[in-house]
Amino acid sequence: MSQILYQTYADIDTIQGNFTGKDIVSIDQVGVEDLKQLFQVARCMKQQVLHHEPSTLLAGYVVSLLFFEPSSRTFGSFASAVKRLGGQTIDIQNPETVTSTRKGETFEDTIRTFEAYSDAIVLRHPMAGAARIAAATSTIPIINAGDGNNEHPTQTFLDLFTLYENFGRLENLTGLLVGDLLNSRTIHSLLRGLSLFENNTVYLLSPRQLQLSRDDYVYFRGRGLNIIEISSEREIPQHCDFWYWTRIQKERLASLEVYQEIAQSTFVVTPQLLRDYARRDMILMDPLPRVGTIDPAVDNDERAVYLKAQIRNGLYVRMALLALLMGKM
Ligand code: NCD
């Protein structure tokens, strides 16, 4: 399997008002109207979950969850989403040890195998471009649940949903994005998502070695996003609508020594930082896991949505996405 690096996805179908049967590889496949449709269905799913209404939307459907990297929320929410819609899952959390990958089977053959057993595959993989290769290999929908340091589109669906439900808009927003901007796929997809809307501004704060790549910087500015890089907490503007904190992607760094060196200069949200720089009506987000990102003393602050709405929204949005991809909405 050769690695594919890219910034555009010319070979992947865009949604353009019709999710049925499509792959979800990148945020670039959706437009503003597609997101609105997804969010509308997600709101219905939320009501269904809150009222414990049984659903048979995916009865008779099987979804394979193939996770070549660890996961709590993405795996758990997809499994819950399928089951809450009346479908079933094949759960494989360590394919490299429990499938024939271990015997030397190619990635493509593994995908073809699960294609034969299921109606969609949710795939997490350490290699950038893996979801795209799987999409080219299989005829059933492939949902990218994170491919290396590249993208994590369904995380951005839930992040944008969280912002939309809170602010009632996805344009004219100002955010602070902090952490491993070089390697975080949630950041890369979020930047793509925010740049779909007018007049969004992001302040970027990261350890020097983990700055957004210069290619991405130029690329996202070219897409109309206002990007302002800052180098210390003292430069955080007090008018941000949201903060989005991310961990250092230890597993994507060259060595433990490099991680330990960088870990000296990471940024942590504390009650004091919120007091000094955060608006009363902003929200504090983190895709999680939080590893040195947010002091637990902040958890009970009403602005902290990472352990509450943000996680729950992942369930509603993934239920909506599955129902749409299977042509059930
Ligand atoms: C993220 C991921 O896997 O990219 N986790 C998630 O899906 N919520 C973020 C991370 O691991 O840092």
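Things to note:
- Unit charges at the beta carbon, dipole of the chain: most positive-side option, HIS51, TYR259, LEU324: HIS51
- Degrees separating the helix 153-167 axis from the principal Cα axis of the chain, which is the longest one: 50 degrees
- Judged by the ratio a/c of the largest to the smallest principal axis of the C-alpha gyration tensor, region 5-164 counts as oblate, that ratio being 1.5 or greater while a/b is no larger than b/c.
- Think of it as helices only: each DSSP H run of n ≥ 4 in the chain is worth -39500 (n - 2.57), and spread over all residues that comes to -11000 deg cm²/dmol at 222 nm.
- Region 176-329, accessible area per residue, ligands and nucleic acids excluded (1.4 Å, Å²): 42 Å²
- Approximating the spin labels as points 7 Å out from Cα along Cα→Cβ, the ARG112-to-GLN47 distance works out to 4.6 nm.
- Viscosity 0.890 mPa s, 25 °C: Kirkwood-radius Stokes-Einstein D of the chain over Cα pairs, µm²/s: 122 µm²/s
- Overall form of region 214-329 per C-alpha gyration tensor (a/c, 1.5; a/b vs b/c): rounded
- Here the dipole of region 66-199 is about 200 debye; that uses its Cα centre as origin and unit charges on the Cβ of Lys and Arg (positive) and Asp and Glu (negative).
- For region 130-231, the square roots a ≥ b ≥ c of the C-alpha gyration tensor eigenvalues yield an a/c of 1.5 or more together with a/b not exceeding b/c, which makes the shape oblate.
- Inter-part distance where region 268-329 and region 190-219 are each reduced to a Cα centre, Å: 19 Å
- Accessible-area composition of region 193-329, carbon plus sulfur, in percent [1.4 Å probe]: 48 percent
- Backbone N atoms of region 286-320 closer than 13 Å to the 7 Å Cα→Cβ label point of TYR259 belong to residues 291-292.
- Antiparallel bridge percentage (DSSP; both residues within the chain; nearest 5): 5 percent
The values are calculated or read from the model by the stated rules, or taken from the named source; none is laboratory data. A quick note: this is a predicted structure, and the numbers were derived from the prediction, not measured. Note: ideal-geometry Cβ built from the backbone for every residue, glycine included; neighbour counts use all protein chains shown. Each accessible area value is taken on the protein alone, full model and side chains, heavy atoms only, with ligands, DNA and RNA left out. Shrake-Rupley method; radii C 1.70, N 1.55, O 1.52, S 1.80 Å.
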